[in-house]
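Values quoted throughout were computed directly from the atomic coordinates according to the rules given, and no laboratory measurement underlies them. It should be emphasised that the depicted structure is a prediction, and the values quoted were computed from it without experimental measurement. No Cβ is skipped: glycine too gets one built from the backbone with ideal geometry, and neighbour counts run over all protein chains shown.
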Amino acid sequence: MGKKIFEPIQIKSMVMKNRISFGPMLGQPHGPEWEVDDNTIEWFVQRAKGDTGMALTGTINPMPAWYETYKDMPSMGFPHPLTIHDDSYIPGYKKLTDAVHKYGMKMGAQVGAGGAMQGASPSPYPRKNFLDVMYGMDVPVESFTLEELDTIKNDLAVASARVKEAGFDCVELHTAHGYVSLWGGFMSPFTNTRTDKYGGSWENRLRYPVESIQAMRKAVGDDYPILIRISADELFGDEGVTLENTLKYSIPMLEEAGVDCFDVTMGSQLHNPNNIPSLYVPRGHYFYLPDAVRKVAKVPVIGVGRILELDMAEKFLQQGMADIICLGRQLIADPETPKKYFEGRPEDIRKCIGDLPGFGGCCECCAVNPTPPNMISCDEVVKTDSPKKILVIGGGVAGMEAARIAALRGHEVILFEKERSLGGNVDILANTSLNYEFRNLVDYLSTQISKLGIDIRVCREVTEKDIAEIKPDVLILATGATMSISGPAKDKLNVMTHIQALKNIHTIGQRVVIQGLGYGSELGIALAESGRDVTVFGKAKEIASNVVPLRRYFLLKRLTDIDVTKGDGDIPTRKQGNPLIMTGTGLVDTTPDGVVVKEGNEGNESILPYDTFIISMGRKSNNELYDQLKDKVSEIYKIGDCKEIGEIFEAMQVANELGKKI
């Protein structure tokens, strides 16, 4: 049986060559006036070259008033959108659509505007939200007048006509993810408290999106495809949009209004931002949503939700759970994902690790594809005219990435690793349920450097004799960092570092105490999910302050009693209950009876019984070799944690840049 993912699909006048769509992403490149520029075009061309069937832009602003109000304001972490609020922008979009059509990719324009981010009145919401919890920011809301809503609806229709004139193959109305969509704000009972014809019942709350679709249809004609992106479930129970009500009300009413395809997503960016799922979310977890929509919809359905492998996409297609599979961050991690899959080399696909280094997603940075703005395939490397012999010391991800790029450029590369396997601390960190996706990067880099024929020598520590024999032109130190045990825990029984614990995870006892509220919180959750009794303590007043925002929000929801919106569909756990968290608490002593801790300077001491005590803090760069070897070669560099303690993204970026520079 042939694979369904290869099959074309028609939505009115648009025929996609395969079933893969690049999802609308926040923050694609654009010019200073929110216009298409060369980077915007290149961003989408790279996905077109990678054999994607269709791509959708991130939200394009249709409203002249909105542009004039916000064009000079800072983006506050969320990138500005593209815009198409007047005819002068059409030629730029025409260049974009012409460029991608050369490679057979269809191009859709998502149009929309923010909802709850507009206005100046205090937030009416009874629950804390992501911005409130993370940054102490209030989210102002303003109720639009009927006249203003008519203007916006007209702007939307005119913009849709411009989209068609610019050569786009379809237009999509963004009604998903809560406050990031004005139309989604109308649909949700949580955000829509209006008492006029647009508020109250489900039919009334859907009235404005329905009228907007009808206006778009009148503007673009009967045969032009109109898509709609919906949050089938806002993932916080009956207070918001639920799947049951989506199936009962939204799908039939929007179909009748003229929708030709449902682009099904989930969550509410402000209150439950699982629409940008991190590595904590199992792959494909949310695909029950498009599956349910497809059972009642009469038009095609696009499904999304942490799809990294196209075999999984193919399975979902064959099971009839969706008609089209939407890839988002996976096509940022590797724009050539479809091409490599179709060519039968899935081992060459660079899989997303879901670590979410950027504030609003991944468009501004990507850990595994560190070429800003993440639009160039990592294989597009310029060959050198002066090949050199390069010795890389350290086989973690930084060392492997530098070796890979250098080899692609035509250098002779030798890599030494003192351990018996590659991957360094990143590979070790992947030994927990929460961080297992880190191994995607290790597997990819290991495969690539092997295919490139790099001379890899494991279980080898470099000596001065090796340097003398190899005679490298360039030496790259990627020796990473080490966690050590000092103070009251040093030389005590059953005490180990975070890394030692993960290397020997099956020896960890039932009663676990962890010092360190940063990544110790992640480890604590993983161990608690495995059935252990876990306590995490640290001197800090805040939990996981060093963890990136969207992942930290998940940790705070799991580990604290903050009054945030929770409900059905939140990230699943394998065990009810969480580790005990003790903030503002320091280590006093480690005794056979337990870990002695003290709350604050004047607090009482307490004893925490343990079978295993884990220290999750205090990484120190392993850079001793630099002074020993800096006079042995003409060029020597430090990268990764060896240079400066940092995150995976930073290590990969520096390694990638160095490999291209040498």
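FRET efficiency for the residue 39 to residue 98 pair, using the beta carbon distance and R₀ = 22 Å, is estimated at 0.85. Taking the chain, how much of its Cα-Cα pair set, in percent, is spaced more than 41 angstrom apart? The calculated P(r) of the chain puts 32 percent of pairs beyond 41 Å. Give me the net charge of residue 109's neighbourhood, meaning all other residues with Cβ under 10 Å from the Cβ of residue 109; Lys, Arg count +1, Asp, Glu -1. Charge balance near residue 109 sits at 0.
Electrostatic tally near residue 484: other residues with Cβ closer than 12 Å to its Cβ, Lys and Arg +1, Asp and Glu -1, net +2. A simple spin-label model places the labels of residue 311 and residue 380 3.0 nm from each other, with each point 7 Å out along Cα-to-Cβ.
Given R₀ = 22 Å, FRET efficiency for residue 660-residue 634 by Cβ-Cβ distance, to 0.05? The value I calculate is 0.70.
From the alpha carbon centroid of region 199-255 to that of region 468-516 is 53 Å. Sequence-ordered 3J(HN,Hα) estimates for region 412-420 from the Karplus curve with 6.51, -1.76 and 1.60 and θ = phi - 60° stand at 8, 10, 10, 10, 9, 9, 6, 7, 7 Hz, glycine and proline given as x. The orientation-averaged projection of the convex hull spanning the C-alpha atoms of region 492-636 amounts to 12.5 square nanometres.
From the phi angles alone, apply the Karplus equation (6.51, -1.76, 1.60; θ = phi - 60°) to region 167-184 and give each ³J(HN,Hα) in whole Hz, x where the residue is Gly or Pro. Calculated HN-Hα couplings, in order: x, 5, 8, 6, 10, 10, 8, 8, 10, 9, 6, x, 5, 6, 10, 4, 5, x Hz. Once backbone amide H atoms are built at 1.01 Å from N, residue 456 has 415 as its partners under 5 Å, excluding neighbours fewer than 5 places away on the same chain. With contacts taken as Cα pairs under 8 Å at a separation of at least 6 residues, the chain carries a relative contact order of 12 percent. Taken as Cα centroids, region 25-95 and region 278-306 sit 26 Å apart, rounded to the nearest whole angstrom. Here the residues 30, 80, ranked from fewest to most Cβ neighbours within 10 Å of their Cβ, fall in the order 80, 30. Testing the spin-label approximation: label points 7 Å from Cα along Cα→Cβ at residue 87 and residue 469. State their distance in nm. Using points 7 Å along Cα→Cβ, the separation is 7.5 nm. Of all beta bridges that DSSP places with both ends in region 487-617, some 40 percent have antiparallel geometry.
Once C-alpha pairs closer than 8 Å and six or more residues apart are averaged by separation and normalised to the residue number of region 4-348, the relative contact order reads 17 percent.
Extension gain, residue 494-residue 421: 0.36 nm per intervening residue step, less the Cα-Cα distance, totals 23.7 nm.
Counting neighbouring beta carbons within 10 Å and listing from fewest to most, the residues 589, 38 come out as 38, 589.
DSSP beta bridges confined to the chain are antiparallel in about 20 percent of cases. I need the Debye-formula profile for region 4-348: one equal scatterer per C-alpha, no solvent, reported as log10 I(q)/I(0) at q = 0.09 1/Å, two decimals. Values returned for q = 0.09 Å⁻¹ are -0.44. Residues whose amide H comes within less than 5 Å of that of residue 25, counting only those at least five positions distant or on another chain, are 58 (H built at 1.01 Å from N in the peptide plane). Our summary gives region 487-617 a relative contact order of 36 percent, counting only alpha carbon pairs under 8 angstrom and 6 or more residues apart. Note that region 39-46 has calculated 3J(HN,Hα) couplings of 5, 4, 4, 5, 3, 7, 4, 4 Hz, one per residue in order, obtained from phi through the Karplus relation 6.51 cos²θ - 1.76 cosθ + 1.60 (θ = phi - 60°); glycine and proline are x. Residue separation of residue 318 and residue 589 scaled by 0.36 nm, minus their Cα-Cα distance, works out to 91.7 nm of gained length. A cut-off under 12 angstrom between Cβ atoms defines the neighbours of residue 290, and their net charge, with Lys, Arg +1 and Asp, Glu -1, is -1. Extension gain for residue 247-residue 345 works out to 31.4 nm (0.36 nm per residue, less the C-alpha to C-alpha distance).
Among 446, 268, a tally of other beta-carbon atoms within 10 Å of each Cβ gives an order, fewest to most, of 446, 268. Modelled spin-label separation between residue 604 and residue 203, with each label point placed 7 Å from Cα along the Cα-to-Cβ direction: 6.2 nm. Close amide-amide hydrogen proximity is noted between residue 267 and 233, 234, 235, each under 5 Å apart and 5 or more residues distant or on a separate chain (H modeled in the peptide plane; Pro and chain starts excluded).
The antiparallel fraction among DSSP beta bridges confined to region 4-348 stands at about 15%.
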